[in-house]
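Trainee: Questions regarding the structure given below will be posed in turn.
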Amino acid sequence: MKIYAKSYDAKVWCVIKKGNYPLLAAAQPPPDPEDIDEYTDEQMAVVHVNDNARNLPYNAISGEEYEKISSCDTTKEMWDKLEVTYEGTDKVKETHINMLVHDHELF
């Protein structure tokens, strides 16, 4: 997924790992945040990167995986949930490594 996201746009990978880029403040924020006609070009560039980052995981996963992340509000939440699901927490990873080392020492 990292290579897929970075090949699309390095900024997209940053959004997936660290969270959405904040929308740059304009001289006058738009009264309706959904009215994209009021956004500056710089704000639209940020919106575009954030939206692309959110779209990539949806295109890369199965329907079953979609169910796991469909309730997430941000791309980072989606990534964190998938990461824990498939790699486990840091404690799980450490335990797995210790078991592999122990098994290796037995042989």
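The values are calculated or read from the model by the stated rules, or taken from the named source; none is laboratory data. Quantities reported herein were computed from a predicted structural model and do not represent experimental measurements. All Cβ positions, glycine included, derive from the backbone under ideal geometry; neighbour counts span all protein chains shown. Please note that ligands, DNA and RNA were not included when accessible areas were found on the heavy atoms of the full protein model with its side chains. Shrake-Rupley method; radii C 1.70, N 1.55, O 1.52, S 1.80 Å.
To keep it simple, each residue is scored yes or no on (1) part of a loop (DSSP other than H, G, I, E, B); (2) out of contact with any Phe, Trp or Tyr (no Cβ under 8 Å at 6 or more places or on another chain).
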position	(1), (2)
Val47	no, no
Asn52	no, no
Leu56	no, no
Tyr66	no, no
Cys72	yes, yes
Lys76	no, yes
Trp79	no, yes
Val84	no, yes
Glu94	no, yes
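Trainee: Here is a further query. Could you list all residues from region 35-75 that are charged (D, E, K, R) and either open to solvent by less than 60 Å² (accessible area, probe 1.4 Å) or within 20 Å of Lys11 (Cα to Cα) (or both)?
Mentor: Once the filter is applied, which keeps residues that are charged (D, E, K, R) and either open to solvent by less than 60 Å² (accessible area, probe 1.4 Å) or within 20 Å of Lys11 (Cα to Cα) (or both), region 35-75 yields Asp35, Asp41, Glu42, Asp51, Arg54, Glu65, Asp73.
Trainee: Could you check, for region 99-107, whether at least one of its residues is open to solvent by less than 90 Å² (accessible area, probe 1.4 Å), modelled with pLDDT of 80 or more and either touching a Ser or Thr at 6+ places or on another chain (Cβ under 8 Å) or among the hydrophobic types (A, V, I, L, M, F, W, C) (or both)?
Mentor: As a first pass, look at region 99-107 and keep what is open to solvent by less than 90 Å² (accessible area, probe 1.4 Å): 101, 103.
Then keep just the ones that are modelled with pLDDT of 80 or more; that gives none.
Checking region 99-107: not a single residue is open to solvent by less than 90 Å² (accessible area, probe 1.4 Å), modelled with pLDDT of 80 or more and either touching a Ser or Thr at 6+ places or on another chain (Cβ under 8 Å) or among the hydrophobic types (A, V, I, L, M, F, W, C) (or both).
Trainee: Quick one: what pairs do we get from region 68-85, first residue touching a residue at least 24 places away in the same chain (Cβ under 8 Å), second basic (Lys, Arg), C-beta under 6 Å, 6+ apart or different chains?
Mentor: Thr75/Arg54
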